[in-house]
Amino acid sequence: MMEGSVLVIGAGIGGIQSALDLTELGFKVYLVDRTPSIGGRMAQLDKTFPTNDCSLCILAPKMVEVFRNPNIELMTYHEVQKLAGKPGDFTVTVLKKPRYVDEIKCKGCGDCAAKCPKIEVPNLFDMNLGKRKSVYIPFPQAVPPVYLIDPELCLKLTKGVCGVCAKVCQAEAIDFDQKPQEIELKVGAIVVATGFDMPAKNLSSRWGYHYENVVSALEYERILCASGPFGGHVLRPSDQKEPEKIAFIQCAGSRDLHEGVPYCSSVCCMYTAKEAIITKEHSDNSQCFVFRHDIRAFGKNFYEFTQRAQKEYGVKYFQTKISKIVEDPETNDLIIHYEDLKTGTFHDFQANLVVLATPLVPSTGSKDLAKILEIELDEYHFFKEKDYFNKSKSTKDGIYLCGFCQGPMDIPETVADASGVAGQVAAFLNSVKFDHIKEKLEVPELDIKATDEPRIGVLICHCGINIGKYVHVPLLAEYVRTLPNVVQCEDNLYSCSSDSQTRIKELIKDHKLNRFIVASCTPRTHEALFQETCQEAGLNKYLFEMVNIRDQCSCVHMDDAEAATQKAKDLIRMSVAKSRLLKPLKEELLKITPTSLIIGGGIGGMSAALNIAEQGFKTFLVEKESFLGGNLNYLNVLYPIEENASDFLNETIEKVNHNKNIQIFLNAKIGDIKGYVGNYIVSIVDSKNETHELSIGTIIVATGGKEYKPKDMFQYKKENKNVITQLELEQKLKEKGKSWLDDINRITTILCVNARQVEGITYCSNICCGNSIKNIGLLKKLKPELEIAVLYRDLQMAKKKYEEYYRERRKDAIFLRYDLDNIPIISKVNKDPEKYNIKFYDTNLQDFIEFNTDLIVLSTPMIPADNLEELAKMLKVPLDRNGFFLEAHVKLRPLDFATDGIFLCGCAQWPKNIQDTISQANGAAGRASRFLSAKEIKTSGIVAEVDPVNCIGCGKCESVCPYNAIDILESAKDYEEVSLIVRKSFVNSALCKGCGTCAATCPNGAISIMQYDFDQITAMIESYLLEL
Amino acid sequence: MYNDTLDYLEKIYEPDLRNLLKRCYQCGRCSGVCQLSKVQKYAPSKIIELILEGFEDRVLESGELWDCLTCNQCLKDCPEDINFADIVRIARYKMRHFANQNPDEIVAHKGIYTTISEIMSRPYITPERSLDWVPKGCKISDKGNVLYYVGCLPFFNYEFENLDSIATSTLKILCQIEKEPIVVFKEENCCGHDIYWGQGKLKTFIKLAMKNMEMFEKAGISKIVTACAECYRTFKVDYPNIFEDFNDKFDVKHVIEYIYEKWKENLIQFHNPNKKSEKIPFTYHDPCRLSRFLPKDNNIMEKVREIFKEFKDLGYDFNEMEHNQKNALCCGVSSWMNCNEKSKALRYKRMLEAKSAGDIMVTSCPKCRIHLSCLQDDFEDIASIEILDFSEFLINHIKLIKPDIKGEEKK
């Protein structure tokens, strides 16, 4: 007996993504969080790197999606208490803590909080920097948008007096009699996504956290945030004055045995660069200083981001680990004692505000939860994975791990993990998919006729202060009310909040609106949300229009409020003009072929194939070589677990070979890809040059990467046998035993060869440090008397066990640090046996060093696989400027392409280790199988439409269409005296993305794009010119 | 005998210093916190990097490791727990034996105290100490259960004033509490601390340790009480490195721990027969050997403060100095090495902190007391501070709880 429902514990971005994917894969989800809102840590962040998107702005739509999802039962302010049963059939007891507010009756209006006596306590969401009252909502966009009462503060609950909230609440939602309630749930699987804490107060006094003007990074996120305690103004806590000099301290407790955090927290280098950049954007007068040791910027475009912080924003980095921070009691400034490791001199640095990158540790309560669930913790108290290569599995079957509760990771990794967990749960509970799924209720659509008088509603968003500070919103609303056909116009703090969605529906109903406009942020993140809201009110979603007054007005005209407001007026007026002409559009249902194609048979491709196949879908695995396994074939021993690569590889290949649902094509290539999501026709040319036509539903790109060959760099030449790359060393270690080491006594490894450069390859390729350090250990084991030197710049050992691994390996080699100013110079001093002289500036000793070595191992970056341009063109997906595939969104859609139905994983996206590749592969499989599980999907209504009367069949549209959505069809036409073949353009609405290229190209004006037709655009232009 | 010494040497000596340093990732924090670096250029991280990169010879030849205070501030703050003081200890052995360096010039008091230690280490020498200091009424014996290990105190008395009182106070306290006679050796040897840390004479240290071990076993003792921070650390941590079962055989207690336990066992209580109406502010100087030099789970620092808390009602007011516990400043000199103006600057800094914290500074290391008191002759502004050993401070404030009184209290 299996249960087709899943318990997700922790509703941060990991839990949210997992829950959403799980419902699409056919499972009911109970989403439990012990706090009153979902959103987790990501909701507390101001912006996210490297795009500097507003964190909550990209998260809120997902939170609202969770809230509206009929298959997610939201259990905020609940805690897991007991677990019984067995994998597939668990019984979980959950405690519902009393909110003292009825969550069904509460409308989140806030009247209660307004009247609640002004006895305040620090607000946890604002990291205790702001205050809240006894009855409160954690933050404005909280989901569910329901208030709760703090029983320790409330006068009614503590002393039996007051009760004013109950009097003012018109919804009669206050209920002082609520009691804790135990709830039993039957679930098939459990996902643990409990995230991290940042307990700065446990740090030793050296860091000065006890001083008022020393804040933790998470506190600083709140300070930066527009909805934070200081309204987005960078102020310091002691005197609420703007600090000029802000010091960011890295590794404030991480990588420190004394603080009990031996690992690297992994994300601090990047959020610090981001916080410094945002600080500079907030205030020109501020100067930002970063005290760092290594810069660990190993993710996609991360290193470049830290360079931008320095070059474009003037953030000054000191290479140092500070010794202590003390306060100047007069000024409350902080004095940081540090040694500049580049110059070797000691200084005292005076800062007005200090931001500590304090360690990120498993959230409090992890230990209790581990006990309840009977799963193990590791030595750092993170949840322990069952198997290094599948970090999503806990030590107990049926219980999965996702995100930071398993080890340090950033948001994209967490999101990939979450999708991966969903995919694995789907495979585990495959037999009971859709058992407990509710179909979404289709609200009957209001019948809107072209002849009906337009009745337009407009909602204008303040976006906290993001818009409201620069655009005069009340004036704007007043103006919009004067526009023709505008029946109702309102403004509010956050149009994306779920109470706003309720309001939109009310407005549509109460005012019989047949058009709706929201003027807020970008349609990229929010249009779907508002469209869905309209649909729920019965309004066809294409009768909705969105105006972006944040990016286009408040952001770009920050210094001119008047112009920003005028531009907002113009944009809304134009949108109203267009809105009058909108027509309801229809969406087609599309059947999905339940098969998947995986391009690339490396460890990523094989892992993805296995997951999809285990979910019962036919999977085709295409590999260009004559063998499976990709780069894994060239690897020797895997770290940090020290397992033989070939053992692991053979095991995986065996599984793939034995899976009935997987069909493998070796020595094969993709001939052609036609079609669209759910309906691809792919031709594969196999080793015998035979072509196979396959019907495919979804495609996963797992093309991997390859090692860069540093031709003519550092004496890497054909004639120099003892200058080799890391992968070449790997092969020697794998194949040649140890006799080749007989004449070699000294080995030098050089890291960052043509990586992290100003010119050439600018990125950090993530895996080279770890791999080099592994090989040092292996070499030492083969020949203990070897002398090994490692020339490095910063060591990227940020994964959970890596710091420990590196700590161990330091005994095996001498680590010498160099920097870009003085790249090592290598000269050949002896031909046979080969001997090389290395000379470089040792930044640790601040001196030039010179020595001889017998073998040089160059660690070069991983670069994209060959011929990706060709594949990208066939798939119609983009590559980034480094030649890796470009995902839909670096933060929240790391495994998707912008094009539906195509996904990516592993080194095709960015160089990464095997563990992360497998995690991404599972994630991509999870994402891809959502479509396969769904069986059919809806297409967009915004497509091109050809007017056959005006079409002259010239075929120009066909040639420009980037999506191959246009066919020219011929038909015979009979006239009185002649018959002729007529050519007409025909648009496949399933393929068409509505980009409009064809419409712009058509010489006869025969093509128009629905919702962007010429009449509508002309109306907008005329409306703009009208008031000039 | 000689073979034993070499076997034991292996346990406390690492020929390749690099092996002890390899965890260093050059964060440089040690150089920032180094107490010596406040008065002279001194950068442990640079020394470590030189050794790591194979320039150990250069480091040893330069002789700069003779300067280290071995205060252990660097270890306390090192994120990788690198024990620099241990490196210094071993390096000093190497400097003496392989680089032919002799630090005699920088040993204070013309090296008399380390010479005495060295003489004691000879197997054929049996010291004959004066026991004149033993107060009347204190029953002592050469066999028994509890040993009071006196250390160098009586020797100091020839040069420094009034140090006997540390020994007399301690012995009085012990005799007051214990029913049986306390073991005090007439032929007591040096523990070897200064030889071990300061002189780089590791073999001499081993010889002393062996002699002590033999004597302890012969006397049949099971508990060692000492009032000296250095002896305590040496017995508690360094002897067990040589004799693995040392801690099993002997229960080593600093007098702070000893009193704390008796207090917690309800055998004694604190009182003040001469309580004044105005509270006397006092402070406590943590010796490095009782703070940064002890394992993490040893909480002498907390215990002594818990005791002082009791003194609030006894006419005293305990104040912390700015730097305290594991961050306490150094007394300026370690193992009689490097008494000079830089050391004076360090001591002066400490005394200024003490002055702003109280009228009395209690400490629990006779050497700290000597070094800090010595400075009072040079500088008038700090002369008024009374520096007392823990035993001296406590002697008049301890009262036995008699069993019948205990019974009454329970009622």
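The helices (runs of 4 or more DSSP H) located wholly in the stretch B:8-61 that include 1 or more residues which are crowded, with 20+ Cβ neighbours inside 10 Å and in contact with a strand residue (DSSP E or B) (Cβ under 8 Å, 6 or more places away or on another chain) occupy B:29-33, B:44-52. Of the residues that make up the stretch A:97-107, is at least one under 30 Å from A:Ser5 (Cα atoms), touching a residue at least 24 places away in the same chain (Cβ under 8 Å) and under 24 Å from the mean Cα position of the chain (by Cα)? No: the stretch A:97-107 contains no residue that is under 30 Å from A:Ser5 (Cα atoms), touching a residue at least 24 places away in the same chain (Cβ under 8 Å) and under 24 Å from the mean Cα position of the chain (by Cα). Taken over the stretch A:801-835, the residue count meeting the criterion of being over 19 Å from A:Leu779 (Cα atoms), hydroxyl-bearing (Ser, Thr, Tyr) and surrounded by 18 or more Cβ atoms within 10 Å (Cβ to Cβ) is 1. Say whether the condition of being within 17 Å of the chain's Cα centre (by Cα) and over 27 Å from A:Thr23 (Cα atoms) is met by at least one residue in the stretch A:958-972. Checked against the condition, which is being within 17 Å of the chain's Cα centre (by Cα) and over 27 Å from A:Thr23 (Cα atoms), the stretch A:958-972 yields no hits at all. Of all residues in the stretch B:266-295, those that are surrounded by 15 or more Cβ atoms within 10 Å (Cβ to Cβ) have Cβ atoms under 6 Å from Cβ atoms of residues that are basic (Lys, Arg), 6 or more apart or on another chain, in B:Ile268/B:Lys262; B:Gln269/B:Lys399; B:Arg289/B:Arg233; B:Ser291/B:Lys326; B:Arg292/B:Lys76; B:Arg292/B:Lys326; B:Phe293/B:Arg233.
One line per residue, one yes/no per condition, for (1) over 19 Å from A:Ala189 (Cα atoms); (2) more than 14 Å from chain B (Cβ to nearest Cβ); (3) part of a loop (DSSP other than H, G, I, E, B); (4) of a type in the set (A, V, I, L, M, F, W, C):
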position: A:Tyr338; (1), (2), (3), (4): yes, no, no, no
position: A:Gln350; (1), (2), (3), (4): yes, yes, no, no
position: A:Ala370; (1), (2), (3), (4): no, yes, no, yes
position: A:Asp397; (1), (2), (3), (4): no, yes, yes, no
position: A:Tyr400; (1), (2), (3), (4): no, yes, no, no
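The one condition from (1) within 14 Å of chain B (Cβ to nearest Cβ); (2) outside any helix (DSSP H, G or I) that A:His258 does not meet is (2).
What residue, among those in the stretch A:320-335 that are at the interface with another protein chain (Cβ under 10 Å from one of its Cβ atoms) and assigned to a strand (DSSP E or B), is surrounded by the fewest Cβ atoms within 10 Å (Cβ to Cβ)? Among those that are at the interface with another protein chain (Cβ under 10 Å from one of its Cβ atoms) and assigned to a strand (DSSP E or B), it is A:Val326.
When you scan the stretch A:19-29, do you find a residue that is within 30 Å of A:His282 (Cβ to Cβ) and either out of contact with any helix residue (DSSP H, G or I) (no Cβ under 7 Å at 6 or more places or on another chain) or not hydroxyl-bearing (Ser, Thr, Tyr) (or both), even just one? Walk me through how you get there before you give the answer.
We begin by selecting, within the stretch A:19-29, every residue within 30 Å of A:His282 (Cβ to Cβ); these are none.
Looking through the stretch A:19-29, none of the residues is within 30 Å of A:His282 (Cβ to Cβ) and either out of contact with any helix residue (DSSP H, G or I) (no Cβ under 7 Å at 6 or more places or on another chain) or not hydroxyl-bearing (Ser, Thr, Tyr) (or both).
Considering only the stretch A:783-809, how many residues are without any contact (Cβ under 8 Å) to a residue 40 or more places away in the chain and touching an Asp or Glu at 6+ places or on another chain (Cβ under 6 Å)? Number of matching residues: 0.
Restricting attention to the stretch A:222-265 and to residues that are more than 25 Å from A:His282 (Cα to Cα) and of a type in the set (Gly, Ala, Ser), the residue that is farthest from the chain's Cα centre (by Cα) turns out to be A:Gly260.
In the stretch B:125-164, of all residues being over 19 Å from B:Pro181 (Cβ atoms) and touching a strand residue (DSSP E or B) at 6+ places or on another chain (Cβ under 9 Å), the one that is modelled with the lowest pLDDT corresponds to B:Leu163.
Exactly one residue out of A:Ser227, A:Ser238, A:Ser254 is of a type in the set (S, T, N, Q), surrounded by 19 or more Cβ atoms within 10 Å (Cβ to Cβ), in contact (Cβ under 8 Å) with a residue 12 or more places away in the chain and closer than 28 Å to A:Lys469 by Cα: that is A:Ser227. Taking the conditions (1) surrounded by 16 or more Cβ atoms within 10 Å (Cβ to Cβ); (2) in contact (Cβ under 8 Å) with a residue 12 or more places away in the chain; (3) more than 22 Å from A:Lys736 (Cβ to Cβ) in turn, A:Gly777 satisfies each one other than (3).
Being in contact with a Pro (Cβ under 9 Å, 6 or more places away or on another chain), over 25 Å from B:Asp7 (Cα atoms) and either in a loop (DSSP other than H, G, I, E, B) or among the basic types (Lys, Arg) (or both) is true for just one of B:Gly137, B:Gly151. Which residue is that? Step through it out loud before you land on a result.
On the way: B:Gly137 fails: in contact with a Pro (Cβ under 9 Å, 6 or more places away or on another chain).
When all the criteria are applied, what remains is B:Gly151.
Test A:Thr703 against the stated conditions and say whether it is buried (at least 23 other Cβ atoms within 10 Å of the Cβ), β-branched (Val, Ile, Thr), within 37 Å of the chain's Cα centre (by Cα) and within 29 Å of A:Leu871 (Cα to Cα). The answer is yes for A:Thr703.
Among the residues of the stretch A:623-644, write down those that are surrounded by 22 or more Cβ atoms within 10 Å (Cβ to Cβ) and over 28 Å from the mean Cα position of the chain (by Cα). A:Glu623, A:Leu628, A:Leu635 - these are the residues of the stretch A:623-644 that are surrounded by 22 or more Cβ atoms within 10 Å (Cβ to Cβ) and over 28 Å from the mean Cα position of the chain (by Cα). On the given criteria, is B:Leu75 under 17 Å from B:Trp197 (Cβ atoms), within 11 Å of another protein chain (Cβ to nearest Cβ) and in contact (Cβ under 8 Å) with a residue 60 or more places away in the chain? Yes, satisfied. The strands (runs of 3 or more DSSP E) located wholly in the stretch A:711-812 that include 2 or more residues which are within 14 Å of chain B (Cβ to nearest Cβ) occupy A:746-750, A:787-792.
For every residue, the table says whether it meets (1) over 30 Å from B:Cys368 (Cα atoms); (2) facing another protein chain (nearest Cβ under 10 Å); (3) free of Cβ contacts under 8 Å to residues at least 24 places away in the same chain; (4) among the charged types (D, E, K, R).
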{"residue": "B:Tyr13", "(1), (2), (3), (4)": "no, no, no, no"}
{"residue": "B:Cys27", "(1), (2), (3), (4)": "yes, yes, no, no"}
{"residue": "B:Ser62", "(1), (2), (3), (4)": "no, no, yes, no"}
{"residue": "B:Leu65", "(1), (2), (3), (4)": "no, no, no, no"}
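Identify, please: which residue in the stretch A:310-319 is surrounded by fewer than 23 Cβ atoms within 10 Å (Cβ to Cβ) and in contact with a Cys (Cβ under 9 Å, 6 or more places away or on another chain) and is, among those, farthest from B:Gly32 (Cα to Cα)? Looking at residues that are surrounded by fewer than 23 Cβ atoms within 10 Å (Cβ to Cβ) and in contact with a Cys (Cβ under 9 Å, 6 or more places away or on another chain), I get A:Tyr313.
Which of the strands (runs of 3 or more DSSP E) found entirely inside the stretch A:134-245 contain at least 2 residues meeting this: in the same structural domain as A:Gly260 (by TED's automatic domain parsing), at pLDDT 95 or above and under 26 Å from A:Cys268 (Cα atoms)? Reasoning before the result, please.
Details: elements: A:181-187, A:189-192, A:214-216.
Output list reads A:214-216.
Is it the case that the stretch A:268-291 has a residue that's within 14 Å of chain B (Cβ to nearest Cβ) and touching a Lys or Arg at 6+ places or on another chain (Cβ under 6 Å)? Reasoning before the result, please.
Of the stretch A:268-291, the ones within 14 Å of chain B (Cβ to nearest Cβ) are A:291.
Right, trim to touching a Lys or Arg at 6+ places or on another chain (Cβ under 6 Å) and you get none.
No, there is no match, as no residue in the stretch A:268-291 is within 14 Å of chain B (Cβ to nearest Cβ) and touching a Lys or Arg at 6+ places or on another chain (Cβ under 6 Å).
What number of residues within the stretch B:78-94 are farther than 28 Å from A:Gly260 by Cα and either within 14 Å of another protein chain (Cβ to nearest Cβ) or touching a Gly at 6+ places or on another chain (Cβ under 6 Å) (or both)? Looking only at that region, the number is 2.
The values are calculated or read from the model by the stated rules, or taken from the named source; none is laboratory data. Just so you know, these numbers come straight off a predicted model, no measurement behind them. Counting neighbours? That spans all protein chains shown, and the Cβs are built from the backbone with ideal geometry, glycine included.
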